[in-house]
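Please treat every number below as a calculation from the coordinates, not as lab data. Everything numeric here is computed off the predicted structure, so don't read it as measured data. Methodologically, a virtual Cβ is constructed for each residue, glycine included, from the backbone with ideal geometry; neighbour enumeration extends over all protein chains shown.
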Amino acid sequence: MPEYREFARFYDAINDESESRSRKMLHYIERYHPNASSVLELGCGTGAILAGLGSGLSLTGIDRSPEMLAIARRRCPSARLLQADITDFSLRERFDVVLCVYDTLNHVQSFDGWLKAFDRVREHLAEGGLFVFDLNTLGRLRRLGEAPPWVHHFDGNTLILDVEFDADALSMWDIRVFEQRTNDQFVLCHEQIVELGVPLQHVREALAMDFELLEETDPDGNPPDDESARAYFAYRLRGRQGETSSSR
Ligand SMILES: C[S@@+](CC[C@H](N)C(=O)[O-])C[C@H]1O[C@@H](n2cnc3c(N)ncnc32)[C@H](O)[C@@H]1O
């Protein structure tokens with residue numbers, strides 16, 4: 001079953017810290033590209049990040065899940081939202097900022113797919129453009145696999161999330177939501193999402209040629225490593241010889 005078909009309608013209730021995640025993205029933009037006027041988010045989901053970026057930026061989001069996009073359309077009516085795969089799309093325009101956050105890259109199940117997504121970023125960023133992304137690290141995915149299932153009650157419903165981590169660095173997120181319909185009646189929504197962990201050094205090496213590293217941190221602002229809870233990266237696209245920002 002395609003990912004997020006069932007889980008989309010619970011996503012925002014469970015991930016309720018979207019404002020602070022948007023603020024973090026605005027901080028990157030203010031710091032590294034204060035004159036930016038256009039943002040493309042890869043894997044925009046329910047529009048949680050785009051909705052918090054304010055009205056001063058032209059906003060575009062792509063996602064492959066129609067269910068997530070339907071929510072994003074209600075939440076961010078002024079954004080342009082398109083159904084596409086982040087490893088294989090062409091919008092034939094360039095943006096000042098590309099964002100890809102909250103595990104979206106981890107959802108691409110092969111490193112070859114990550115390289116294709118980086119190629120799409122290169123094609124869609126204006127010269128000097130800013131690329132901000134985050135990653136679930138190998139260590140965090142392994143620790144989630146070792147931990148007991150996470151049980152979370154929200155809006156009368158109960159979520160049980162059980163993560164299994166295998167030797168190929170793939171982790172299977174088994175998500176069950178018991179949705180309350182009446183006082184004593186629940187309906188089970190079941191979905192599985194796969195995330196890939198990749199050593200951070202592979203990512204740095206893949207980007208080194210065309211991108212300048214501006215900043216990399218863990219959630220506490222320290223240098224990230226493969227055991228960090230999460231790794232945040234900000235890169236700037238280097239100039240292309242013989243190409244202007246409006247040519248392709
Ligand atoms: C964990 S959500 C993050 C959503 C949003 N960025 C946020 O911060 O709330 C990951 C999103 O990436 C999308 N996604 C995963 N793989 C994708 C792919 N190959 N192409 C397009 N979207 C993808 C999923 O449909 C989902 O909406």
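The table below lists the values:
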quantity: Semi-axis lengths (Å, descending) of the ellipsoid that matches the C-alpha gyration tensor of segment 139-196; calculated: 27, 11, 6
quantity: Ascending count of other beta-carbon atoms within 10 Å, so fewest first, for 23, 5; calculated: 23, 5
quantity: Relative contact order (%) - segment 102-238, alpha-carbon pairs under 8 angstrom, separation at least six; calculated: 29 percent
quantity: Separation of the residue 227 and residue 58 label points, Cα + 7 Å toward Cβ, nm; calculated: 4.7 nm
quantity: Mean separation of Cα contacts under 8 Å (6+ apart) over length of segment 139-196, as relative contact order %; calculated: 27 percent
quantity: Estimated distance in nm for a label pair at residue 17 and residue 206, the labels positioned 7 Å out from Cα along Cα-to-Cβ; calculated: 2.5 nm
quantity: Segment 1-113: radius of gyration and largest Cα-Cα distance (Dmax), Å; calculated: 13.5, 42
quantity: Spatial extent of the chain: Rg and Dmax, with the Cα atoms as the point set, Å; calculated: 18.2, 67
quantity: Gyration tensor verdict on segment 55-174 (Cα atoms; rounded if a/c is under 1.5, prolate if a/b is larger than b/c, oblate otherwise); calculated: oblate
quantity: Ratio Rg/Rh, restricted to segment 47-102 and using Cα atoms, in which Rh is the Kirkwood radius; calculated: 0.92
quantity: In nm, spacing of pseudo-spin labels at residue 143 and residue 119 (7 Å Cα→C-beta vector); calculated: 3.5 nm
quantity: Cα-based radius of gyration of segment 131-248 once divided by 2.2 N^0.38 Å, which approximates compact folds; calculated: 1.46
quantity: Relative contact order (%) - criterion: Cα under 8 Å, at least six apart; region: the chain; calculated: 18 percent
quantity: Protection proxy ranking of 11-17, 39-45, 103-109 - average other beta-carbon atoms within 10 Å, highest first; calculated: 39-45, 103-109, 11-17
